[in-house]
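A.B. asks: Okay, handing you the structure first.
The values are calculated or read from the model by the stated rules, or taken from the named source; none is laboratory data. As the structure is a computational prediction, the values presented were derived from the model and not from experiment. Counting neighbours? That spans all protein chains shown, and the Cβs are built from the backbone with ideal geometry, glycine included.
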């Protein structure tokens, strides 16, 4: 494989990785604060994409306001979902809450299907369709938007969690809900904020990735799955961890296609990626166990 | 068997990455006695417990139980040998009743497995019989017989601690390690606790307790070992260690509740 | 406060249920057990004859819903028309449509349910996997089934598919159409990139087996999964393979667009050929600039207006196109609805020749036998059908045309 | 409470349910739903395993469909391609799946919490990919048709009516076995692990070993269900064992009631009856399905079975007070 090709594989992996990371971020935020694996995260991404399409292409609002509006609506859906479905479930175990998010995902998908129909669509590109040459490889301008957005969102989240009052409260709640509620942090409010944040981040992701990978009412399933894997590799620990997980997944997938020895054709790329990642987890697990004991 | 050693450690050391939690500790505990391990926070008391219980491997040195070396023996095998411990944060099984908690303590003293239980084979029925009989016996020992059917976590903390001890006793131990049994108990409950611990000793079982509550320790312990920042700084009878200047120094600033 | 919210949730459910009620009622009417006075053209006060019950399992949700929806619309439209004209020999048609959700289990359950409802024949499902799943069930129950899925394996080996027919063109015709075209253009060295789905693997199988017959060699073969969002790595590999003159992609429309998109990004200039599975408006609309110049084989429906009157299919193509677009809007037509049109047409043809008073089993057997033996040179949207005991597809060759996408529309490469 | 003091009431209810179960497949009763009832039975078997694993031992599995699929495919391939006797094939499948689960259990259970979820999910996906890609054995994405029926001597289970009784026989036996397990020393050990691994270990419970054993047992259940599944449908395709299938299984386990063996029936039953009822709703079905799923969890987070038990208890007490205990 020539260096040009290698660079191309990396670029592709990085782009996909950024997509997975953007989705993984949402999983991480909600999990950290509530211990819930939110199976509706992929649907937030779907909403972001579909809304930006409707607003920009159908309604004809200029791109920027359309995007902002789309993200706001997605965030609102997140809030409504938490208030109506999660908070009303008093005394529900985490598992039950996870099932609620599954129900919500199915519901949102169904509604989206009714609103937008079953065909897939593509919102307008942010800055054209002319691919850019880079070290003998090519990259689509929208891909740069995706990577950029991922980086910016991650940094903002990181700063938000580390330096703002609310952010710190969220962190505290993530580390120890009981203690933080004793010092006057209301876990319910924190959970609400987490859902809104996650939905917004998912929405943003959906908005930037939709022009490149297109969107339809069913994309939430696959994207959600990839995002979950990304977040899980990162251990649901921090935004940074989720990003690392996502990039890792993307690059390994891309290289798995590059290296196609005999039986391990591109048909097995996902399997190869998963095996590699599981091995990483297992190797790390020893150390993780040690950490648990000391902490 | 009083007089002989139930537990011995030789230059026992445990390090987590950089920090040394226990540094070359030599201990020898008399069988059938109540021994207390005291020391300020972070002295390494709980680490010592975890090493004896086998929660994590020793870094260097040896632990002997009734003369047998313990280092390589996995935690779950030690209960069968006669070592059992309780936890500072009670660690009861919330998904079981009081009685079931104690019954699960009979695990090392019974042997039937999946097959026998799946098909209710005679062996299973026989053992279940004795399991529940023994469980009730130990439940009565700690005076919780009347609460058998309640959910374990519905009990007040005092009784939860007693239940934890009953559960440990159900394994028919030779040596029972009690991690801060007195923490969070009121005076009355503490008195009950002391009585219970003495009872256990009367049954010929060696007791080791880590405890912050000095009055309780001094009232109970026949032998006291003092740890400070991973080192053994003193041991002896309660009266002796109380006068020991090192001990006093170690406890300066530590408010003794 | 919280109880409030609970009530809110309940309210939503109630609304949804009402809506459900509405939906099922409305479908009920379209399925039409109750003939409206205007719809019953029986001047003599003869008692209305019992309805002909037909079942359909279509994917109204999930991966294949973009096939299922036009199929459903087509069936509802046809049933409406037929019943307006007094049904078949005075029997009103009653088509009950089950949602298979693009899932095999759901599909089988749906079919079992339909059979329990004593339907005379079952139309659908839309995907090859589901279709394979119901073969055992319909065979055991002796109910004729007309599949709307692409794979040839659905009707072969025909002795094991006694009760199963299908209307869409198979991957075999599509592959041969493309290869013939390549041969004409003198292209001999190609790369293929195929979906790992049943549809894609079917295409791969025949692309590889038939290549030699057309003097074509496959230099690189890559795959992707349904739902993948980036084929750049595969295409990079293909791009790095010397001598590739054209790429053939075998998948459904969304993934195919991404392949086209990625080729453009990699600035690959060699032509891209896609399967007949991408003949949807969404492919063009969402594909935009990326799919300009993509060449595909597809049914004549896409060029209905250009088909000469000499072509036996012309009439039916125009009729279906105009009727459908009259209801669902201009340019709403696609070939998948056409497959449903063909399937129901065959069943109706059989019913039209069915004698009165047959038992359910007899009626089912009659429909099967009629389709197998008496569908001869029947021109429909997919092609001209001539079924036989050895051929349960029976499509005459040349049912597929080659199209190139030029400024946002199919243009027939005559 | 109910599990202990077994009053006449409980026996009455159980008897009634059994009679109901017995009558379902008869034409004059619910005959046309036999197929549905069979599916409920098959999925109940998988769900029970999941309840033991998740509800009692507290170990998440997002890849249970992998074992379900292994059972299905091994049975299908052996009995169709190699002409092995279906019963033998079923047995081999169960042993293979159980052993497989046992051996991957050791590495997998070194992971905890969400890492474990991730690992099981990965396992499920990998198996699914294999089912799709090993075309020469599995028939690929389109699957295999023409898998033989089960039969005893000359008696062939060639109708849904016959298979109904076969499958529910298996289902009830497995429910009883599981019931015995959870009410035994083993069951206490499993619950202890769920309660506190440290405490369990300190009481001499070999935590790791119990985990892999229960994983293996749940895998065997899933495998048996898979075998019954293919010999019922006489068809198998990878799609029935994808990620969503694993999720569906977890959903069944939870809405039935994770910490109750008998809840499995309600979990499997509800999901299947729901989608059957909703199928008439056309495209709207999944919207309503999603809503109902949420409502069940919101109003009975402990699962249907727990709720039913509460209601039943309340009724019983009321009648007790009225003094009309039969």
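A.B. asks: Give the residues of segment B:98-115 that are surrounded by fewer than 23 Cβ atoms within 10 Å (Cβ to Cβ) and either more than 9 Å from chain D (Cβ to nearest Cβ) or within 15 Å of the chain's Cα centre (by Cα) (or both), sorted by residue number.
C.D. replies: Answer for segment B:98-115, where residues must be surrounded by fewer than 23 Cβ atoms within 10 Å (Cβ to Cβ) and either more than 9 Å from chain D (Cβ to nearest Cβ) or within 15 Å of the chain's Cα centre (by Cα) (or both): B:99, B:115.
A.B. asks: Now for a separate question. Would you pick out the residues in segment B:31-54 that are surrounded by fewer than 17 Cβ atoms within 10 Å (Cβ to Cβ) and more than 19 Å from residue B:229 (Cα to Cα)?
C.D. replies: Pass one, segment B:31-54, residues surrounded by fewer than 17 Cβ atoms within 10 Å (Cβ to Cβ): B:33, B:41-42.
Matches in segment B:31-54: B:33 only.
A.B. asks: Among the residues of segment A:205-216, are any outside any strand (DSSP E or B) and within 17 Å of residue A:31 (Cα to Cα)? Please lay out each step first, then the result.
C.D. replies: Taking segment A:205-216 first, the residues outside any strand (DSSP E or B) are A:205-214, A:216.
Add one more test, that the residue is within 17 Å of residue A:31 (Cα to Cα), and what stays is none.
Looking through segment A:205-216, none of the residues is outside any strand (DSSP E or B) and within 17 Å of residue A:31 (Cα to Cα).
A.B. asks: With respect to residue C:157, is the statement that it is without any contact (Cβ under 8 Å) to a residue 12 or more places away in the chain and surrounded by fewer than 24 Cβ atoms within 10 Å (Cβ to Cβ) true?
C.D. replies: Taking the combined requirement at face value, the residue satisfies it.
A.B. asks: Give me the helices (runs of 4 or more DSSP H) completely within segment C:217-335, filtered to those with at least 3 residues that are at pLDDT 95 or above, within 26 Å of the chain's Cα centre (by Cα) and more than 30 Å from residue A:2 (Cβ to Cβ), ordered by residue number.
C.D. replies: C:314-328
A.B. asks: Here is a further query. Filtering segment C:196-220 down to residues that are touching a strand residue (DSSP E or B) at 6+ places or on another chain (Cβ under 6 Å) and within 20 Å of residue D:138 (Cβ to Cβ), which residue is surrounded by the fewest Cβ atoms within 10 Å (Cβ to Cβ)?
C.D. replies: C:204
A.B. asks: In segment C:257-311, what residues are free of Cβ contacts under 8 Å to residues at least 12 places away in the same chain and farther than 30 Å from residue A:138 by Cβ?
C.D. replies: Listed by number, the residues that qualify are C:307, C:308, C:309, C:310, C:311.
A.B. asks: Quick check on my filter: what residues within segment D:195-206 are facing chain B (nearest Cβ under 7 Å), crowded, with 20+ Cβ neighbours inside 10 Å and assigned to a helix (DSSP H, G or I)?
C.D. replies: Within segment D:195-206, D:195, D:199, D:201, D:202 qualify.
A.B. asks: Looking at residue C:138, is it farther than 22 Å from residue C:201 by Cβ, over 18 Å from the mean Cα position of the chain (by Cα), at pLDDT 90 or above and within 14 Å of chain D (Cβ to nearest Cβ)? Write out each step before concluding.
C.D. replies: On the way: farther than 22 Å from residue C:201 by Cβ: yes; over 18 Å from the mean Cα position of the chain (by Cα): yes; at pLDDT 90 or above: yes; within 14 Å of chain D (Cβ to nearest Cβ): yes.
Here the answer is yes, as residue C:138 does meet what is asked.
A.B. asks: Give segment D:267-289 a look and list any residue that's over 21 Å from the mean Cα position of the chain (by Cα) and within 12 Å of chain A (Cβ to nearest Cβ), or say none.
C.D. replies: If the condition is that a residue be over 21 Å from the mean Cα position of the chain (by Cα) and within 12 Å of chain A (Cβ to nearest Cβ), then D:278, D:281, D:282, D:283, D:284, D:285, D:286, D:287, D:288 are the ones that fit.
A.B. asks: Quick one: would you say residue B:127 is touching a strand residue (DSSP E or B) at 6+ places or on another chain (Cβ under 6 Å), within 12 Å of chain D (Cβ to nearest Cβ) and either over 22 Å from residue D:201 (Cα atoms) or surrounded by fewer than 22 Cβ atoms within 10 Å (Cβ to Cβ) (or both)?
C.D. replies: No, not satisfied.
A.B. asks: Have a look at D:221, D:149, D:229 and point out the one that is assigned to a helix (DSSP H, G or I), touching a strand residue (DSSP E or B) at 6+ places or on another chain (Cβ under 8 Å) and in contact (Cβ under 8 Å) with a residue 40 or more places away in the chain.
C.D. replies: Of D:221, D:149, D:229, the one residue that is assigned to a helix (DSSP H, G or I), touching a strand residue (DSSP E or B) at 6+ places or on another chain (Cβ under 8 Å) and in contact (Cβ under 8 Å) with a residue 40 or more places away in the chain is D:229.
A.B. asks: Of the numbered conditions (1) within 30 Å of residue A:114 (Cα to Cα); (2) free of Cβ contacts under 8 Å to residues at least 60 places away in the same chain; (3) over 18 Å from the mean Cα position of the chain (by Cα), residue D:318 satisfies every one except a single condition; which is it?
C.D. replies: Of (1) within 30 Å of residue A:114 (Cα to Cα); (2) free of Cβ contacts under 8 Å to residues at least 60 places away in the same chain; (3) over 18 Å from the mean Cα position of the chain (by Cα), only one is false for residue D:318: (1).
A.B. asks: May I pose another question? Look at segment C:100-122 and say how many of its residues are outside any loop (DSSP other than H, G, I, E, B), buried (at least 24 other Cβ atoms within 10 Å of the Cβ), at pLDDT below 95 and touching a strand residue (DSSP E or B) at 6+ places or on another chain (Cβ under 7 Å).
C.D. replies: 4
A.B. asks: Sticking with this structure for a sec: Among the residues that make up segment A:189-199, is at least one of them under 13 Å from the mean Cα position of the chain (by Cα) and within 14 Å of another protein chain (Cβ to nearest Cβ)?
C.D. replies: No, because not a single residue in segment A:189-199 is under 13 Å from the mean Cα position of the chain (by Cα) and within 14 Å of another protein chain (Cβ to nearest Cβ).
A.B. asks: Taking the condition of being touching a strand residue (DSSP E or B) at 6+ places or on another chain (Cβ under 9 Å), farther than 15 Å from residue C:81 by Cα and surrounded by 13 or more Cβ atoms within 10 Å (Cβ to Cβ), how many residues in segment C:308-329 meet it? Walk me through it before giving the result.
C.D. replies: Of all residues in segment C:308-329, those touching a strand residue (DSSP E or B) at 6+ places or on another chain (Cβ under 9 Å) come to C:311-317.
Subset that is farther than 15 Å from residue C:81 by Cα: C:311-315, C:317.
Next cut, surrounded by 13 or more Cβ atoms within 10 Å (Cβ to Cβ) only: C:311-314, C:317.
Summing the residues that are touching a strand residue (DSSP E or B) at 6+ places or on another chain (Cβ under 9 Å), farther than 15 Å from residue C:81 by Cα and surrounded by 13 or more Cβ atoms within 10 Å (Cβ to Cβ) in segment C:308-329 gives 5.
A.B. asks: Are any of the residues in segment D:113-120 within 14 Å of chain A (Cβ to nearest Cβ) and surrounded by fewer than 17 Cβ atoms within 10 Å (Cβ to Cβ)?
C.D. replies: Yes, some residue in segment D:113-120 is within 14 Å of chain A (Cβ to nearest Cβ) and surrounded by fewer than 17 Cβ atoms within 10 Å (Cβ to Cβ).
For (1) more than 8 Å from every other protein chain (Cβ to nearest Cβ); (2) farther than 28 Å from residue D:58 by Cβ; (3) surrounded by 24 or more Cβ atoms within 10 Å (Cβ to Cβ), each residue gets a yes or a no:
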residue	(1), (2), (3)
A:2	no, yes, no
A:16	no, yes, yes
A:30	yes, no, yes
A:42	yes, no, yes
A:46	yes, yes, yes
A:60	yes, yes, no
A:65	yes, yes, no
A:92	no, no, no
A:99	no, no, yes
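A.B. asks: Only one of A:104, A:74 is within 14 Å of chain D (Cβ to nearest Cβ) and closer than 19 Å to residue D:290 by Cα; which?
C.D. replies: Working: A:74 fails: within 14 Å of chain D (Cβ to nearest Cβ).
So the residue among A:104, A:74 that is within 14 Å of chain D (Cβ to nearest Cβ) and closer than 19 Å to residue D:290 by Cα is A:104.
A.B. asks: Next question, about the same structure. Condition check: more than 14 Å from chain C (Cβ to nearest Cβ) and closer than 14 Å to residue D:41 by Cα. Does residue D:155 satisfy that? Even if it seems obvious, please write down each step before you answer.
C.D. replies: Values: more than 14 Å from chain C (Cβ to nearest Cβ): yes; closer than 14 Å to residue D:41 by Cα: no.
No.
A.B. asks: Within the bounds of segment D:257-266, is there any residue that is under 20 Å from residue A:113 (Cβ atoms) and either away from chain A (no Cβ under 14 Å) or free of Cβ contacts under 8 Å to residues at least 24 places away in the same chain (or both)? Step through it out loud before you land on a result.
C.D. replies: Residues of segment D:257-266 that are under 20 Å from residue A:113 (Cβ atoms), as a first pass: none.
Scanning segment D:257-266 turns up no residue that is under 20 Å from residue A:113 (Cβ atoms) and either away from chain A (no Cβ under 14 Å) or free of Cβ contacts under 8 Å to residues at least 24 places away in the same chain (or both).
A.B. asks: A further question on this structure: If I ask for residues that are buried (at least 19 other Cβ atoms within 10 Å of the Cβ) and touching a helix residue (DSSP H, G or I) at 6+ places or on another chain (Cβ under 7 Å), which ones from segment B:163-175 would you list?
C.D. replies: Those that are buried (at least 19 other Cβ atoms within 10 Å of the Cβ) and touching a helix residue (DSSP H, G or I) at 6+ places or on another chain (Cβ under 7 Å): B:163, B:165, B:166, B:167, B:168, B:169, B:170, B:171.
A.B. asks: Can you tell me how many residues in segment D:178-194 are within 7 Å of another protein chain (Cβ to nearest Cβ), in a helix (DSSP H, G or I) and either surrounded by fewer than 22 Cβ atoms within 10 Å (Cβ to Cβ) or free of Cβ contacts under 8 Å to residues at least 40 places away in the same chain (or both)?
C.D. replies: So the answer is 7.
A.B. asks: For residue A:120, only one of the following conditions fails: (1) in contact with a strand residue (DSSP E or B) (Cβ under 9 Å, 6 or more places away or on another chain); (2) in contact (Cβ under 8 Å) with a residue 40 or more places away in the chain; (3) more than 8 Å from every other protein chain (Cβ to nearest Cβ). What is its number?
C.D. replies: Going through (1) in contact with a strand residue (DSSP E or B) (Cβ under 9 Å, 6 or more places away or on another chain); (2) in contact (Cβ under 8 Å) with a residue 40 or more places away in the chain; (3) more than 8 Å from every other protein chain (Cβ to nearest Cβ) one by one, residue A:120 breaks only (3).
A.B. asks: Between a first residue in segment C:180-192 that is over 25 Å from residue C:255 (Cβ atoms) and a second residue that is assigned to a helix (DSSP H, G or I), which pairs have beta carbons less than 9 Å apart while being 6 or more apart in sequence or on different chains?
C.D. replies: C:183/C:214; C:188/C:182; C:188/C:214
A.B. asks: Still on this structure: Yes or no: residue C:139 out of contact with any strand residue (DSSP E or B) (no Cβ under 6 Å at 6 or more places or on another chain), assigned to a loop (DSSP other than H, G, I, E, B) and over 16 Å from residue D:237 (Cβ atoms)?
C.D. replies: So residue C:139 fails the test.
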